[in-house]
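The values are calculated or read from the model by the stated rules, or taken from the named source; none is laboratory data. This one's a predicted model, so the numbers in the text were calculated from it and none came from an experiment. Cβ placement follows ideal geometry from the backbone for every residue including glycine, while neighbour counts extend to all protein chains displayed.
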Amino acid sequence: MYGYQITQRAKELTQGELEMTEGALYPLLHKLEAEGMITSEIQKINGRDRKYYLLTDKGKKQQVTQEEEMKSYLFNLSTIFNI
Amino acid sequence: MISLEQEKQITAYLNSKKLSPQIFDEVKDHFMMQIGSLMENEGKSFQEAFLAARISWKRELEMVRADLLSFKKIARIEKQVVQMRFRKITLVSMVFSGAGFLLLQVDSDLFMNLQILLFIVWIAMLLYNAIRKGFRVSNYASMNFHPLLVRTMLAGLAVFYIGHGMTADYWKILDLQITKLFCTYALAVQLQLLYFSSKKINVLV
């Protein structure tokens, strides 16, 4: 996925609830790339360069860990509020 | 659909933000997509869509000081990336100079050879950048007043001042092991700055 596509996908999945600040995304993507979580490749689309980001194996493992942590956090939170 | 003339307007606007090529291409692509989408889906004119895009990017494209010790102004989005790079350069230099310091404790002759080698590499990289990469005197000057080096210089001055408190002999201070640690650190920083400059990666040189 490329930057703009990521912001749109986030909007679409959350039905507009999560509106990412357009420019805040790129420093984050560069950081993840530097950490080896994602990799990028440039493709020419309509005569201009477009940078696509892909998850690396390290990134995929991290994603699983983060998802589990988040699910556990949400579960604990809902347990507390349901008491 | 964005016309060539409209694309030129976007390019001119982004050029005024002095973005590095790596970020420029991404931001331009994002602008084009965002403006195109506003025009197609919301029926806005180019000028309206362009204005909306500029507003949504206002904070990230605002020109700010690159560093506390730098007078250069860069876009905030660029600053975040540059500062991240600076942290990496600092970390690598710390590890390298720390290893050099350990070597100094074990074998001072070997440490001296390492310093000579680093100096030769520095000269070679400087010449390579000057001949092959168009590194100018102004780049060299800005490298000498680079925020990362100014920080090291300030810390070095503090050490020099403290050293002077302990002994008034300047030669003795210069011969202190901590001075050698600072020199190795500064050289490691400069080598990385030269390396990134040769790769056309923005490190404020």
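Quick one: would you say A:Tyr73 is under 14 Å from B:Asp29 (Cα atoms), aromatic (Phe, Trp, Tyr) and either surrounded by fewer than 13 Cβ atoms within 10 Å (Cβ to Cβ) or modelled with pLDDT under 90 (or both)?
Details: under 14 Å from B:Asp29 (Cα atoms): no; aromatic (Phe, Trp, Tyr): yes; either surrounded by fewer than 13 Cβ atoms within 10 Å (Cβ to Cβ) or modelled with pLDDT under 90 (or both): yes.
For A:Tyr73, the condition - under 14 Å from B:Asp29 (Cα atoms), aromatic (Phe, Trp, Tyr) and either surrounded by fewer than 13 Cβ atoms within 10 Å (Cβ to Cβ) or modelled with pLDDT under 90 (or both) - is not met.
Can you find, within segment A:39-72, the residue that is farthest from the other protein chains (Cβ to nearest Cβ) among those that are of a type in the set (Val, Ile, Thr) and in contact with a Ser or Thr (Cβ under 6 Å, 6 or more places away or on another chain)? The extreme case among them is A:Thr56. Against the conditions (1) within 28 Å of B:Leu103 (Cβ to Cβ); (2) surrounded by 19 or more Cβ atoms within 10 Å (Cβ to Cβ), B:Phe135 satisfies every one except (1). Inside segment A:8-38, residues that are in a loop (DSSP other than H, G, I, E, B) and within 11 Å of chain B (Cβ to nearest Cβ) make up a count of 4.
Kindly indicate the residue of segment B:56-79 that is in a loop (DSSP other than H, G, I, E, B) and acidic (Asp, Glu) and also farthest from B:Ser142 (Cα to Cα) among those meeting that condition.
Ranking the candidates gives B:Glu60 first.
Only residues that are within 13 Å of chain A (Cβ to nearest Cβ) and either of a type in the set (Val, Ile, Thr) or touching a residue at least 12 places away in the same chain (Cβ under 8 Å) (or both) were counted in segment B:5-35, giving 16. If you go through segment B:80-102 and keep only what is under 15 Å from the mean Cα position of the chain (by Cα) and either aromatic (Phe, Trp, Tyr) or not in a helix (DSSP H, G or I) (or both), you end up with just B:Phe86. When A:Asp49, A:Asp57 are checked against the criterion of being on the phi < 0 side of the Ramachandran plot and modelled with pLDDT of 95 or more, a single residue qualifies: A:Asp57.
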